[in-house]
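Enquirer: Handing you this structure, nothing more for now.
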């Protein structure tokens, strides 16, 4: 019985089909390397605004090109808030599970979009600014919550009362700068604090 691919006969058939190139063929290897390099270059292009490329890895713009980045001050993290934490008119909180470290790595690696008009980096849907010291502070985006000065004051009082909402309310009852809506947002954030006991 003839083997697969053979036409039988004494001298063979000169029009036999061409066998595929072996896996180690130099042409195949070169083509695979070219495809892999193309995919690698495409993968280094981020998308920070739904369509604008964030830039190729390694091309760092803005202050991150000159100073090493440092994580946000503890006052921006729920379990880093203290009764003595500094308050601003706008206080951005990083909620648990938000990968700020990954964002900073992307900024340092040139995978973020630098917006010189606002001096911000946009990466993974979030915005950050950088202080002259290299300390990063969050601005807005998924996993970030902005609190007003009064809302942040309530949050600090809740932290100082170690989750005793009644005690915190008593302490701020006569403060004219604090209203009921301030408590609503502050409690939403405080629910993620390690000392949260439930609303009162």
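The values are calculated or read from the model by the stated rules, or taken from the named source; none is laboratory data. What you are looking at is a predicted structure, and each value in this text was computed from that prediction instead of being measured. Neighbour counts are summed over all protein chains in view; Cβ atoms, including those assigned to glycine, are modelled from backbone coordinates with ideal geometry.
Enquirer: Does residue 157 fit the bill of being modelled with pLDDT of 95 or more and under 30 Å from residue 110 (Cβ atoms)?
Expert: Details: modelled with pLDDT of 95 or more: yes; under 30 Å from residue 110 (Cβ atoms): no.
No.
For every residue, the table says whether it meets (1) loosely packed, with under 15 Cβ neighbours inside 10 Å; (2) assigned to a strand (DSSP E or B); (3) touching a residue at least 40 places away in the same chain (Cβ under 8 Å).
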| position | (1), (2), (3) |
| --- | --- |
| 85 | no, no, yes |
| 91 | no, yes, yes |
| 103 | no, no, no |
| 111 | no, no, yes |
| 121 | no, yes, yes |
| 129 | no, yes, no |
| 137 | no, yes, yes |
| 159 | no, no, yes |
| 169 | no, no, no |
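Enquirer: Further question on the same structure: How many residues, within region 177-193, are within 18 Å of residue 143 (Cα to Cα) and in contact with a helix residue (DSSP H, G or I) (Cβ under 7 Å, 6 or more places away or on another chain)?
Expert: Matching residues across region 177-193 total 6.
Enquirer: So, one more: Given the condition touching a residue at least 12 places away in the same chain (Cβ under 8 Å), farther than 21 Å from residue 97 by Cβ and assigned to a helix (DSSP H, G or I), answer yes or no: does some residue in region 174-191 qualify?
Expert: Here is the first cut: in region 174-191, the ones touching a residue at least 12 places away in the same chain (Cβ under 8 Å) are 175, 177-179, 182-183, 185-190.
Retained after the next criterion (residues that are farther than 21 Å from residue 97 by Cβ): 175, 177-179, 182-183.
Now drop any that are not assigned to a helix (DSSP H, G or I), which leaves 182-183.
Yes.
Enquirer: Yes or no: residue 99 under 18 Å from residue 139 (Cα atoms), surrounded by 13 or more Cβ atoms within 10 Å (Cβ to Cβ) and either at pLDDT below 50 or in contact with a strand residue (DSSP E or B) (Cβ under 6 Å, 6 or more places away or on another chain) (or both)? Spell out the reasoning first.
Expert: Numbers: under 18 Å from residue 139 (Cα atoms): yes; surrounded by 13 or more Cβ atoms within 10 Å (Cβ to Cβ): yes; either at pLDDT below 50 or in contact with a strand residue (DSSP E or B) (Cβ under 6 Å, 6 or more places away or on another chain) (or both): no.
In short, no.
Enquirer: Check region 68-78 and report whether any residue there is farther than 19 Å from residue 155 by Cβ, modelled with pLDDT of 95 or more, out of contact with any helix residue (DSSP H, G or I) (no Cβ under 7 Å at 6 or more places or on another chain) and surrounded by fewer than 19 Cβ atoms within 10 Å (Cβ to Cβ). Quick ask: steps written out before the conclusion?
Expert: Of the residues in region 68-78, the ones farther than 19 Å from residue 155 by Cβ are 68-71.
From what is left, the residues that are modelled with pLDDT of 95 or more are 68-71.
Going one step further and asking which of them are out of contact with any helix residue (DSSP H, G or I) (no Cβ under 7 Å at 6 or more places or on another chain), we end up with 68, 70.
Remaining after also requiring surrounded by fewer than 19 Cβ atoms within 10 Å (Cβ to Cβ): 68, 70.
Within region 68-78, one or more residues are farther than 19 Å from residue 155 by Cβ, modelled with pLDDT of 95 or more, out of contact with any helix residue (DSSP H, G or I) (no Cβ under 7 Å at 6 or more places or on another chain) and surrounded by fewer than 19 Cβ atoms within 10 Å (Cβ to Cβ).
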